[in-house]
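Peer 1: Next up is a structure, given as structure tokens.
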Amino acid sequence: MNKMATGTLLALLLVAATLMVAVLAGPSSSAGKGGGKSVAACNDRIDNDGDGLIDLADPGCTDKKDNDEYNAPAIYCGDGVCNGAETCSSCSADCGVCDSCSDTDFGTNIYVQGTVSGALDGSPYSYADQCTDASTLTEYYCIAGHAYTDTWSCQTNTTSVCSNGACVLAAICFSFFLLFFSPFLRVPAPSPGSVSFMRALRTHPDHFFVSPVRGKT
């Protein structure tokens, strides 16, 4: 092989080697020419996930080579979302108020006016036992944190009158009458139901009527 052929062969080998090195090394550019090597998201001085934290200050970054800043938002009571293990008991601010019910007369007690109160689907409520007419009672009570209502007839439960949200004995109602009107009665008013009261009612029924009295009789 002559010297010229040898030189040509060497030149071709040099070019081939240069191209191979360039391919293996990948594209390159120098600063100031509009290009540059890509920088990892955790080292680019940019808030890539929009949480207000940049690069290694972001909990989503493990190191400068990490190319993903994202991290799941922290779950806390008061963030406006009922998350994960949060419940109405542990975080009413996010999950709303739990259903509840309390009763001042402690259940179905038709002889005492009670009031049930609590919350239902996040809204507060309060209902008092009430008379729908002179002998019918609407009674409220609680079961398992919820309010319920029943209608009772006072005439079939040893009483005959519904007054102020409760079934009461007629004699009790009459005692209130006597207490109020006793200054206007001609004779002292004995207790309703007593022997003296019944005897007086039988022997002197005309004494039991309203009549203003001035001075002693």
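Read-outs: derived from the displayed coordinates by stated rules, not from any lab. Nothing here was measured: the structure is a model prediction, and the numbers come from that model. Note that each Cβ is placed from the backbone with ideal geometry, even for glycine, and that neighbours are counted across all protein chains shown.
Peer 1: Between N109 and A40, what is the label-to-label distance in nm when each label sits 7 Å out along the Cα-to-Cβ direction?
Peer 2: 7.1 nm
Peer 1: Which whole-Hz couplings ³J(HN,Hα) result when phi for each residue of segment 49-55 is put into the Karplus expression 6.51 cos²θ - 1.76 cosθ + 1.60, θ = phi - 60°, listed in order with x for Gly and Pro?
Peer 2: Those phi angles translate into 9, x, 9, x, 10, 10, 6 Hz.
Peer 1: Rounded to two decimal places and with Rh computed the Kirkwood way over Cα pairs, what is Rg over Rh for segment 32-81?
Peer 2: Taking Rg over the Kirkwood Rh, I get 1.15.
Peer 1: Could you work out how much longer the chain between S92 and Y76 gets when fully extended? Use 0.36 nm per residue separation minus the Cα distance between them, nm to one decimal.
Peer 2: Extra length available between S92 and Y76 comes to 4.6 nm.
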